[in-house]
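Heads up, the thing below is written out as structure tokens.
The values are calculated or read from the model by the stated rules, or taken from the named source; none is laboratory data. Being a predicted model, the structure only gives us computed values, none of them experimental. Cβ atoms come from the backbone with ideal geometry, glycine included; neighbour counts cover every protein chain shown.
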Amino acid sequence: MSKVYVSNEYGGPENQELITRNTPQPGPGELGVKVHAAGVNPLDWKVRSGVAGTPRELPAPLGEEASGIVTAVGDGVEGFAVGDPVLGLVAPGVGGYAEDTLLVAESTVLKPEEISFTDAAAIPVAGASAYAGTHQVELEPGQSLLINGAGGGVGLMAAQIGRVHKFQVVGVDHEDKRELIESTGAIFVATGDAVAEQVRALLPDGVDVVFDLVGGEALRVVAPLAKNPAHVISAADAATVGELGGQVLRRTPEMVGQITGVVQYGLVDPKVDTTYPLEQAGKALAHVEQGHARGKIVLELITSQD
């Protein structure tokens with residue numbers, strides 16, 4: 001038996017609780033993992049609220065990315081053994097806010113010694129999303145990348161990847177995240193009514209790629225800044241970006257390994273802002289849902305072996 005944090009009903013945070021379940025056992029293509037850390041993402045509260053696509057069976061375990069130690073290897077899985085430190089995407093419906101979980105083997109990689117379990121838990125969803133958003137439309141050094149919502153976990157990693165590739169990066173977010181965004185080498189622009197005017201002053205010819213992590217009206221404000229509507233990519237609002245002629249963010253399993261290598265060599269820092277124990281998963285999720293996170297939020301379950 002082990003603990004997992006779930007949503008019992010769709011709606012608000014009052015439906016969340018920590019429960020005990022049978023320790024999940026891996027099926028074909030899966031790895032059983034003792035969780036050391038789990039990433040917290042906006043998708044998690046969207047799952048709880050019922051707005052994240054296909055409804056899930058209730059109670060719905062929360063969390064999509066985790067790091068830990070392999071405890072069991074499912075049929076057909078090669079390249080992993082019990083005792084291996086790993087990071088990866090959580091199998092559908094199992095949940096990463098948990099003492100034990102299952103990872104999808106094709107979206108899991110061995111954790112390099114240079115990366116802590118805490119930082120590793122920020123890579124499979126947030127890191128891979130940042131990698132995807134900066135590579136979905138190929139840019140040349142000197143071209144421009146606008147990141148809408150640059151002060152969160154995905155945005156900060158995307159800005160750092162942009163710096164590695166020598167893109168001209170503009171980060172849009174709230175004023176209290178200015179210093180953090182500028183620390184990545186990006187040009188900061190405060191969100192609000194003057195966003196378009198400020199960006200046009202910086203880039204009169206328009207932006208080569210707009211990478212949106214906010215959606216809604218904020219996406220509508222920045223999308224017209226793109227030179228080509230098809231070069232607007234959103235990880236937050238598929239309906240709106242489609243209406244505007246842009247693209248939904250596309251991640252592949254290989255990207256987990258690709259961004260892990262970039263982090264391993266010190267080129268990108270996951271910028272973990274705050275950590276919480278599993279028992280405070282509700283506080284961690286509220287931190288993300290309220291939009292105040294300055295970087296990545298992670299649940300730490302085991303810290304002694306980092």
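Counting only strands (runs of 3 or more DSSP E) that sit completely within the stretch 29-127, those holding 2 or more residues that are of a type outside the set (A, V, I, L, M) and surrounded by 24 or more Cβ atoms within 10 Å (Cβ to Cβ) correspond to 30-40, 65-73, 100-110.
Residues that are crowded, with 24+ Cβ neighbours inside 10 Å, under 12 Å from residue 208 (Cβ atoms) and among the small types (Gly, Ala, Ser) within the stretch 134-162 comprise just one, 162. For the stretch 232-243, state whether one or more residues are buried (at least 18 other Cβ atoms within 10 Å of the Cβ) and part of a helix (DSSP H, G or I). The answer is yes, given that some residue of the stretch 232-243 is buried (at least 18 other Cβ atoms within 10 Å of the Cβ) and part of a helix (DSSP H, G or I).
If the condition is being of a type outside the set (Gly, Ala, Ser) and out of contact with any helix residue (DSSP H, G or I) (no Cβ under 8 Å at 6 or more places or on another chain), then the stretch 187-244 contributes 193, 197, 198, 202, 204, 205, 214, 217, 227, 228, 231, 243.
What are the residues in the stretch 178-196 that are surrounded by fewer than 15 Cβ atoms within 10 Å (Cβ to Cβ) and of a type in the set (S, T, N, Q), if any? 183 - this is the single residue of the stretch 178-196 that is surrounded by fewer than 15 Cβ atoms within 10 Å (Cβ to Cβ) and of a type in the set (S, T, N, Q). The C-beta contact set for the stretch 37-61 (first residue under 16 Å from residue 91 (Cα atoms), second residue at pLDDT below 80 and in a loop (DSSP other than H, G, I, E, B), distance under 8 angstrom, 6+ apart or interchain) comprises 43/52; 47/56. Among the residues of the stretch 194-219, those identified as free of Cβ contacts under 8 Å to residues at least 40 places away in the same chain and in contact with an Asp or Glu (Cβ under 9 Å, 6 or more places away or on another chain) are 215, 216. Applying the condition of being closer than 15 Å to residue 207 by Cβ and aliphatic (A, V, I, L, M) to the stretch 118-159 and asking which residue is nearest to the chain's Cα centre (by Cα) yields 158. Is at least one residue of the stretch 178-193 touching a residue at least 24 places away in the same chain (Cβ under 8 Å), touching a Phe, Trp or Tyr at 6+ places or on another chain (Cβ under 8 Å) and not aliphatic (A, V, I, L, M)? So far as the stretch 178-193 goes, no, none of its residues is touching a residue at least 24 places away in the same chain (Cβ under 8 Å), touching a Phe, Trp or Tyr at 6+ places or on another chain (Cβ under 8 Å) and not aliphatic (A, V, I, L, M). Taking the criterion of being in contact with a strand residue (DSSP E or B) (Cβ under 7 Å, 6 or more places away or on another chain) and modelled with pLDDT under 80, would at least one residue in the stretch 42-52 satisfy it? Yes, that holds for at least one residue. Selection of the stretch 1-28 for residues being part of a loop (DSSP other than H, G, I, E, B) and not aromatic (Phe, Trp, Tyr) yields 1, 8, 9, 11, 12, 22, 23, 24, 25, 26, 27, 28. Just for the stretch 57-75: of the residues that are at pLDDT 95 or above and not β-branched (Val, Ile, Thr), which one is farthest from residue 263 (Cα to Cα)? For the stretch 57-75, the residue satisfying everything is 75.
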